[in-house]
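Notes follow the structure.
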Amino acid sequence: ATADIGVTGLAVMGRNLARNLARHGHTVAVHNRSPEKTHSLVTDHGYEGTFVASESMADFVQSLKRPRAVIIMVKAGKATDAVIDELIPLLEEGDIVVDCGNAHFADTRRREEALKEHGLHFSGTGVSGGEEGALNGPSIMPGGSEHSYEKLGPIFESIAANVDGTPCCFHVGPDGAGHFVKMVHNGIEYADMQLIAEAYDLLRSGLDATPAQIADIFREWNRGSLESFLIEITADVLSHVDGRTGRPFVDIVLDQAEQKGTGRWTVQTALDLGVPITGIAEATFARSLSGHAEQREAAREVFPTTNELAWAADDREGFIEDVRKALYASKVVAYAQGYDMIKAGSDEYGWDIDRGATATIWRGGCIIRARFLDRIREAYDENPELPTLLASPYFVKAVSDGVDSWRRVVGDSARAGVPTPAFSSSLAYFDGLRRRRLPAALIQGLRDNFGAHTYLRTDTEGAFHTLWGSDKTEHKA
Ligand code: NBP
């Protein structure tokens, strides 16, 4: 046995991860269900490092030094369970199984429990950055035991993205913590993209600007506090001209956004945990609305749009600055909600996740990498128990500076009929948090009226019920 680590599942992600490992001097055992992928990896990239190729799972396992570390990089779901079942009889006590696929954290918890009974360690590890990241340095979010991180940590840290000398990888926490954080990362990615898309839509409509002109605006934004991978590639996509028609690329793409399901998982889990992640939820629903072609057509027929354009053109620079500030403030809210969710998951499952460290490992390699994440890390460094990111001094200033712009943009968009679900709901969330009295008091009254659900009072302890149907006297419940 000579291999330091193994990868089974050699489609784009596994292949690139194996190459990244080999390029960093690790001897990598490689295996795929259909052996052609294994052979082509070695044929095409064998010169990049040391690979030990096996056609059978048994040979693959035997080629690994103990304690063995086997990375599974197959299609998430049943395929992962099938591979685990195949591995269990071949592995020995103390060996480590690593699932780098996009698993649901609940599956990861289940698998960890099951493998523990066989004396095996299981690390559900989130890997972000797509195929490019897997090859050149992803953001890595490993869960699982301390023991497994002792072996995996140095290997993962060597292949992860690196920002200012710090690898984009840390031990997130036990069992499902890594996949949970990866899931929230993907949810935040949904919100980030939706906010960018709304900003584009507003600029296009409000200024009657061309995609190329808007690309220049995004390029400019990428030089300031919004600097991020997504803003950068937005400029690329908007300036791209379709080769077939000569039209802006964005105009020839069908306007129905797809999703693989991690946004949906984030929202479903947030509902279970009771965390209002409205930005991520609106982003997920906006994609789903875009896909309802039949309903969109029916609505267009009966409510034709006026196509009012250039409604903000009188103050072009002022409007662009308003949209930029609204985007930044809404982004702060989306991240604040994402970090609340990490806290809630961490508390619920006893993971003790360090939120500042999470911001650190998202600074490179992953899709939401951004300058902004340094500010989040600083906020949690200053106060690890921050009740909401919005309350940290830097973000208080950022949001306060932007709030007038934010209100103008949301008001303008409503008047112009440009949908801004993420901008608007983020503003509503912000106002909801800071409002002295919320109409939740009335809701409690209604609940007590129709269902005797009781209410608490502001002036005294205990739950009360009012006899609404008779003399309306109040009774202690
Ligand atoms: P896919 O998700 O397309 O899966 C293909 C791989 O799964 C092939 O190696 C295939 O083997 C193997 N496989 C299947 Br399908 N069923 C199997 C089974 N029953 N037993 C054994 N192997 C089986 O690959 P991918 O796009 O490289 O993604 C891999 C993982 O990484 C997924 O969980 C994905 O969600 C996650 N991920 C992907 C990205 C991305 O940008 N693509 C980013 C981050 C995470 P075969 O060759 O024999 O058919």
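The values are calculated or read from the model by the stated rules, or taken from the named source; none is laboratory data. Treat the numbers as computed from the prediction; the structure is a model and nothing was measured. No Cβ is skipped: glycine too gets one built from the backbone with ideal geometry, and neighbour counts run over all protein chains shown. Each accessible area value is taken on the protein alone, full model and side chains, heavy atoms only, with ligands, DNA and RNA left out. Shrake-Rupley method; radii C 1.70, N 1.55, O 1.52, S 1.80 Å.
Note on region 305-332: residues that are part of a helix (DSSP H, G or I), surrounded by 13 or more Cβ atoms within 10 Å (Cβ to Cβ) and more than 32 Å from the chain's Cα centre (by Cα) amount to 1. Is it the case that Thr458 is at pLDDT 95 or above, at positive phi and among the β-branched types (Val, Ile, Thr)? It is false that Thr458 is at pLDDT 95 or above, at positive phi and among the β-branched types (Val, Ile, Thr). Could you figure out which of (1) modelled with pLDDT of 95 or more; (2) open to solvent by 20 Å² or more (accessible area, probe 1.4 Å); (3) over 26 Å from Lys65 (Cβ atoms) isn't true of His179? Unmet condition: (2).
Considering region 244-253, and only residues there that are within 17 Å of Thr234 (Cα to Cα) and not charged (D, E, K, R), the residue that is nearest to the ligand (Cβ to nearest atom) turns out to be Val253. Under the condition of being open to solvent by 70 Å² or more (accessible area, probe 1.4 Å) and touching a strand residue (DSSP E or B) at 6+ places or on another chain (Cβ under 8 Å), the residues counted in region 210-246 number 3. Restricting Leu254, Leu271, Leu327 to those that are within 22 Å of Asp431 (Cα to Cα) and out of contact with any helix residue (DSSP H, G or I) (no Cβ under 8 Å at 6 or more places or on another chain) reduces the list to Leu271. The residue pairs whose first member lies in region 299-310 and is under 18 Å from Ala414 (Cβ atoms), whose second member is of a type in the set (A, V, I, L, M, F, W, C), and whose beta carbons are closer than 7 Å, counting only pairs six or more residues apart or on different chains, are Glu308/Ala416; Ala310/Leu207. Please go through region 247-259 and pick out each residue that is in a helix (DSSP H, G or I) and either closer than 21 Å to Asn186 by Cα or open to solvent by 60 Å² or more (accessible area, probe 1.4 Å) (or both). Phe249, Ile252, listed by residue number.
Taken as a whole, the structure places Glu282 among residues that are within 27 Å of Arg296 (Cα to Cα) and out of contact with any His (no Cβ under 9 Å at 6 or more places or on another chain). Can you find a residue that is open to solvent by 10 Å² or more (accessible area, probe 1.4 Å), within 21 Å of Glu132 (Cβ to Cβ) and touching a residue at least 40 places away in the same chain (Cβ under 8 Å) anywhere in region 1-11? Yes, region 1-11 contains a residue that is open to solvent by 10 Å² or more (accessible area, probe 1.4 Å), within 21 Å of Glu132 (Cβ to Cβ) and touching a residue at least 40 places away in the same chain (Cβ under 8 Å). For the subset of region 402-446 comprising residues that are part of a helix (DSSP H, G or I) and within 30 Å of Trp468 (Cβ to Cβ), which member is most open to solvent (accessible area, probe 1.4 Å)? Checking each candidate, the answer is Leu442.
Annotation note: Cβ proximity below 9 Å between a residue of region 220-239 that is among the small types (Gly, Ala, Ser) and a residue that is part of a loop (DSSP other than H, G, I, E, B) (sequence gap 6+ or interchain) occurs for Gly224/Arg371; Ser225/Arg371; Ser228/Asn222; Ser228/Ile368; Ser228/Arg369; Ser228/Arg371; Ala235/Asn222.
Conditions (1) open to solvent by less than 10 Å² (accessible area, probe 1.4 Å); (2) basic (Lys, Arg); (3) in contact with a Cys (Cβ under 7 Å, 6 or more places away or on another chain), marked per residue:
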residue: His121; (1), (2), (3): no, no, no
residue: Gly153; (1), (2), (3): yes, no, no
residue: Gly165; (1), (2), (3): no, no, no
residue: Gly173; (1), (2), (3): yes, no, no
residue: His185; (1), (2), (3): yes, no, yes
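So that you can scan it fast, the table gives a plain yes or no per residue for (1) out of contact with any Phe, Trp or Tyr (no Cβ under 6 Å at 6 or more places or on another chain); (2) within 16 Å of the ligand (Cβ to nearest atom); (3) part of a helix (DSSP H, G or I):
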{"site": "Val83", "(1), (2), (3)": "yes, yes, yes"}
{"site": "Pro89", "(1), (2), (3)": "yes, yes, yes"}
{"site": "Glu92", "(1), (2), (3)": "yes, no, no"}
{"site": "Val98", "(1), (2), (3)": "yes, yes, no"}
{"site": "Ala103", "(1), (2), (3)": "yes, yes, no"}
{"site": "Arg111", "(1), (2), (3)": "no, yes, yes"}
{"site": "Glu150", "(1), (2), (3)": "yes, no, yes"}
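Taking the criterion of being assigned to a helix (DSSP H, G or I) and open to solvent by 20 Å² or more (accessible area, probe 1.4 Å), the residues of region 268-280 that qualify are Gln268, Leu271, Asp272, Leu273, Thr278.
For Ile71, the conditions (1) surrounded by 16 or more Cβ atoms within 10 Å (Cβ to Cβ); (2) within 13 Å of the ligand (Cβ to nearest atom); (3) part of a loop (DSSP other than H, G, I, E, B) are fulfilled apart from (3). As a summary of the residue check, Arg66 satisfies the conditions (1) more than 12 Å from the ligand (Cβ to nearest atom); (2) under 18 Å from Asp175 (Cβ atoms); (3) in contact (Cβ under 8 Å) with a residue 24 or more places away in the chain except for the one numbered (2). When Arg264 is tested against (1) out of contact with any strand residue (DSSP E or B) (no Cβ under 8 Å at 6 or more places or on another chain); (2) touching a residue at least 60 places away in the same chain (Cβ under 8 Å); (3) under 29 Å from Gly364 (Cβ atoms), only condition (2) is not met.
If you go through region 113-148 and pick out every residue that is on the phi > 0 side of the Ramachandran plot, within 16 Å of the ligand (Cβ to nearest atom) and either part of a helix (DSSP H, G or I) or modelled with pLDDT of 95 or more (or both), you end up with 2.
Please specify each residue of region 1-24 satisfying the condition of being part of a strand (DSSP E or B) and within 15 Å of the ligand (Cβ to nearest atom). Gly6, Val7, Thr8 - these are the residues of region 1-24 that are part of a strand (DSSP E or B) and within 15 Å of the ligand (Cβ to nearest atom). Count of region 25-53 residues, restricted to those that are touching a residue at least 24 places away in the same chain (Cβ under 8 Å), open to solvent by less than 40 Å² (accessible area, probe 1.4 Å) and within 16 Å of the ligand (Cβ to nearest atom), is 9.
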